[in-house]
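Okay, so here's the structure we're looking at.
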Amino acid sequence: MRRPLLLNGFMATGKSTVGALVAQATGRPFIELDRVIESEAGSSVESLFATRGEPEFRSIERACLMRILNEAGTAALAPVIALGGGALVSRDIRLRALDECVVVSLHGSAAELARRALAQGGRPLLAGADSEQRVTELLGLRATSYAEAQARISCEAPAETVAERVREAWARDEIAVAAGEASYGVQIGSGFAVARIGALVAESPVCVLVSDRTVAALHAAPIENALREAGARVLRVELEPGEAHKNVASIESIWRACLTGSVDRQATFVALGGGVVTDMTGFAASTWMRGVRWVGIPTTMLSMVDASVGGKTGVDLENAKNAVGAFWQPSSVLCDVQYLSTEPARGFISALAEVVKTALIGDPEMFALLEANADRVARRDLDLTAELVRRSVRVKARIVSFDERESGLRAVLNLGHTVGHALETQAGYTALSHGEAVSLGLVAALRLGEALGKTPRDLSERTLDLLRRLGLPASLVGQPLNEAAALIGHDKKRAGSSVRFVLARALGQVETLPIALSELRTRVLALAE
Ligand SMILES: NC(=O)c1ccc[n+]([C@@H]2O[C@H](COP(=O)([O-])OP(=O)(O)OC[C@H]3O[C@@H](n4cnc5c(N)ncnc54)[C@H](O)[C@@H]3O)[C@@H](O)[C@H]2O)c1
Ligand SMILES: [Zn+2]
């Protein structure tokens, strides 16, 4: 329990009672937001509502919560904090809470909540209304603010049982990916996926376990057994491994297996494999019966640190990478680093380029961790690998949560990818892996940033040194920059169009700068000198 626990949920869901029980059982401090507000304002929440109105109450509540979060972040023992029912309605504070804490939402039916609220003597928001009707309306308005959480737990059970479930959710310490009602958690650890998967499919009578032949031979049997033990009928689909099979034909084979196996809407698809398998399983899940649940169990470093967050699914169409697809969030992702012990070295090392990229974008501490432990990282020390996955997922989740549908903010994730993609395409997707191309792309972006007076030379030198020590290519000498420059933005047909180039300003600080395509090409060519 490293991070504070925030209990969210509608009034009368039992946040205070459950919070007190969890605090007692774990020996942690217990804070009730409403009580703190009352002691500071010198009056009850009811009278603050009545005399100052809801907007002013919300702003007092917000200031109070911000201060509590600041203090909780540095406290020796992470506390349990019970919130007021509207405290996380504002999305900016909710995203902060999801990033820094474990947020658990308690939920119940409108009838039960109205009954409890009235039994407790009524609450300001229900005053004078048909209470069940009013609860239904408010639950509708606040649906997203309760859905965006690490866990959602029914309050309609004895308080001790609810407290036990909350405690388990707190201990799992998931990274939340906030995507409205499609929000989900990413769990990271070592050797836990087989024990955990059953609980995630408990309500599905049938599971479709998709893998590729290589991964299936190594890792599918224990997962399949765990699914069966959870009571599910299991349908296994094994695809041919590799990007060459990331196509509609493979998707069709999943659909056909589902048809033959009478798979209905209650099914859960489980993706066990690298990014190729997870992207395809997610896409098949998005289309089968117009969309079913899916759980990701990534087995490569790239699929853990990158493909596990963001909900992008799809397939290639001939040479067009990811040309066909959908945004379809998994209901859960289990990143079990034990699977990485069998991943081929080149794939693992390649993925470290994305980890370095992520550190540059949003995690200076991870950059320092990589620098101090490059050898251990390359040796795949399990604890360290789990920490890198955790930090990478957290940064990506933070960015993606702010920009679920790629309206712009996500662009920073393209650091190193403009030139990287061009080199990857030029090499025909075989001579260079994606990660190796990104490593070279990072070097190009840093050097280009220096030439533009934006990137400090010291940052470039440190990054180049780190990439080399991790076993990644970091020299542009001899690279086909001429051909790559011509490929940059080749999908942009209009003359004079520009590219949003991502530059590094400092560790953890990047910015996008529109650069005219012609200027960018000239600058890339100059990197060869
Ligand atoms: N959805 C996203 O946001 C996102 C992000 C990044 C990458 N991707 C996609 O991911 C794909 C690349 O992923 P990848 O690098 O994982 O490739 P991959 O899925 O092809 O896996 C690489 C190879 O390793 C094998 N393998 C996987 N796990 C293994 C294990 N634990 N032990 C032994 N062998 C194992 C596979 O059989 C395969 O041959 C690309 O198609 C890319 O588009 C998607
Ligand atoms: Zn990438």
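The values are calculated or read from the model by the stated rules, or taken from the named source; none is laboratory data. In this text, all values refer to a predicted model and were calculated from it rather than measured experimentally. Every residue, glycine as well, gets a Cβ built from its backbone with ideal geometry; the counts of neighbours run over all protein chains shown. Note: accessible area is taken over every heavy atom of the protein model, side chains too, but ligands, DNA and RNA are not part of it. Shrake-Rupley method; radii C 1.70, N 1.55, O 1.52, S 1.80 Å.
Among the lysines of the chain, pairs that are 8 or more positions apart or on different chains and have alpha carbons within less than 24 Å of each other number 14. For the stretch 435-511 and the stretch 72-86, write down the distance between their C-alpha centroids in whole Å. Computed from Cα coordinates, the inter-centre distance equals 41 Å.
Expressed per residue, the C-alpha convex hull volume of the stretch 86-203 stands at 123 Å³. Each stretch of four or more DSSP H residues adds -39500 (n - 2.57); spread over every residue of the chain, this sum gives -14500 deg cm²/dmol at 222 nm. Looking at the stretch 289-384, the GluC sites (Glu not before Pro) that sit in a DSSP loop and have at most 13 other Cβ atoms within 10 Å of their own Cβ are Glu318. Seen from all directions on average, the stretch 210-286 presents a Cα convex hull projection of 4.8 nm².
The heavy atoms of Tyr146 offer some 20 square angstrom of accessible surface to a 1.4 angstrom probe. Dipole magnitude for the chain: computed about the Cα centre from +1 point charges on Lys and Arg Cβ and -1 point charges on Asp and Glu Cβ, it is near 360 debye.
Across all Cα pairs in the stretch 347-500, the calculated P(r) in 10 Å bins from zero up to the longest distance comes to 11, 38, 37, 13, 1, 0 percent per bin. Hull volume per residue, based on the alpha-carbon atoms of the stretch 127-275 and their convex hull, is 166 Å³. Counting other C-beta atoms within 10 Å, and keeping those with at most 14, which DSSP coil trypsin sites (Lys or Arg not before Pro) do you find in the stretch 320-381? Passing sites in the stretch 320-381 are Arg379.
For the stretch 10-84, GluC sites (Glu not before Pro) are listed when DSSP marks them as loop and at most 16 other Cβ atoms sit within 10 Å of their Cβ; the list is empty.
Of the beta bridges in the chain, as assigned by DSSP with both residues counted there, near 30 percent are antiparallel. Among residues other than Leu141 with Cβ under 13 Å from its Cβ, the summed charge is 0 (Lys and Arg +1, Asp and Glu -1). Summed over all non-identical Cα pairs, the Kirkwood treatment of the chain gives a radius of 24.8 Å.
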